Structures are given as C-alpha cells and as structure tokens.
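Peer 1: Take this structure, written in structure tokens, and hold onto it; I'll ask about it next.
Since every read-out is calculated from the coordinates, none of them should be taken as a lab result. Since we're looking at a predicted model, the values are computed, not measured. Glycine gets a Cβ as well: all are built from the backbone with ideal geometry, and neighbour counts include every protein chain shown.
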Amino acid sequence: MSFLIPCPNCGSRDVNEFAYGGEIAVRPETRPNVREFGSYLYFRRNVAGIQHEWWFHRLGCELWFQAERDTRSNEVLRTKSGGGPGAGPTEPADAAIPPEPAV
Ligand SMILES: [Zn+2]
C-alpha cells in the first residue's frame, strides 16, 4: 500500500521515502514504577482512527517530524517538525516560536 506524507520541509512524498518512528508516547513526568515504565516502553494504543506518530524522511531532508494519520485510510491530516522519538509531543504548530530572521 502506498500513500503520500507531507514532509514539513519537502512537501508531499511517497511513504516509501520515510521511516516509521512509532506512536508518540508521553514520557512519565515523575519516576515511574516498574509497571508504568514497562507500559511506557512496550504498550501502544494502536487505535483505529487518528493516531499521532513519528516519521523520519530518510530519503529526503532527514527530518524527524510528527504526523496525525488516520490508520483506517492512511490519510495524513497534518504534520509538524520538532524533536524525535522519545522527545514526546511538541507544542501545537500555532504556538511555535517563529524562527529568527536570517542575518
Ligand atoms: Zn523532507
């Protein structure tokens, strides 16, 4: 199955240019017990619907970015750059600090 993913840098590209980085998991804020840490490491929601995921543009700009994908249709609803797997969710794109102008 093939579908398009809009890279924040390069625009829409075939999914085969990307590597899947997994669902976005929220890292425990305090020291977790063994059960909580095991859940964080190994359990995923695997929803049938909108899922938040990490993707890596391996045959392009080599950017890690987050995507909202409908797992039923593989439609990518939106993407935003920032962080990488393990970094957790970033702020919504609307709240992002604008880049400083080039000197
Ligand atoms: Zn790219």
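Peer 1: What are the ³J(HN,Hα) values, in whole Hz, obtained from phi via the Karplus relation 6.51 cos²θ - 1.76 cosθ + 1.60 with θ = phi - 60°, for each residue of the range 15-31 in sequence order, with x given for Gly and Pro?
Peer 2: Each residue of the range 15-31 in turn: 4, 5, 7, 10, 10, 7, x, x, 5, 7, 10, 7, 5, x, 7, 10, 5 Hz.
Peer 1: Still on this structure, I have one more. Write down, largest first, the equivalent ellipsoid semi-axes of the range 4-92 in whole Å, where each equals the square root of 5 times an eigenvalue of the alpha-carbon gyration tensor.
Peer 2: Values: eigenvalues 124, 42, 23 Å².
For the range 4-92, the ellipsoid semi-axes come out as 25, 15, 11 Å.
Peer 1: I'd like the distance separating the alpha-carbon centroids of the range 30-84 and the range 2-21, in whole Å.
Peer 2: The range 30-84 and the range 2-21 have Cα centres separated by 14 Å.
Peer 1: When the chain is fully extended, how far beyond the present Cα-Cα distance does Arg78 get from Tyr42, taking 0.36 nm per residue of separation? Display every interim value, and only then the final one.
Peer 2: Details: separation 36, 0.36 × 36 = 12.96 nm, distance 2.58 nm.
Extra length available between Arg78 and Tyr42 comes to 10.4 nm.
Peer 1: I need the chymotrypsin sites (Phe, Trp or Tyr not before Pro) found in the range 27-82, filtered to DSSP loop residues with at most 14 other beta carbons within 10 Å of theirs. Intermediate results must be reported in sequence, preceding the final value.
Peer 2: Working: sites: Phe37, Tyr40, Tyr42, Phe43, Trp54, Trp55, Phe56, Trp64, Phe65; in loops: Phe43.
The qualifying sites are Phe43.
Peer 1: Pick out, in residue order, every one of the GluC sites (Glu not before Pro) in the range 1-33 that is DSSP loop and has at most 16 other C-beta atoms within 10 Å; say none if there are none. Don't skip to the answer; put the middle values down first.
Peer 2: Values: sites: Glu17, Glu23, Glu29; in loops: Glu29.
The qualifying sites are Glu29.
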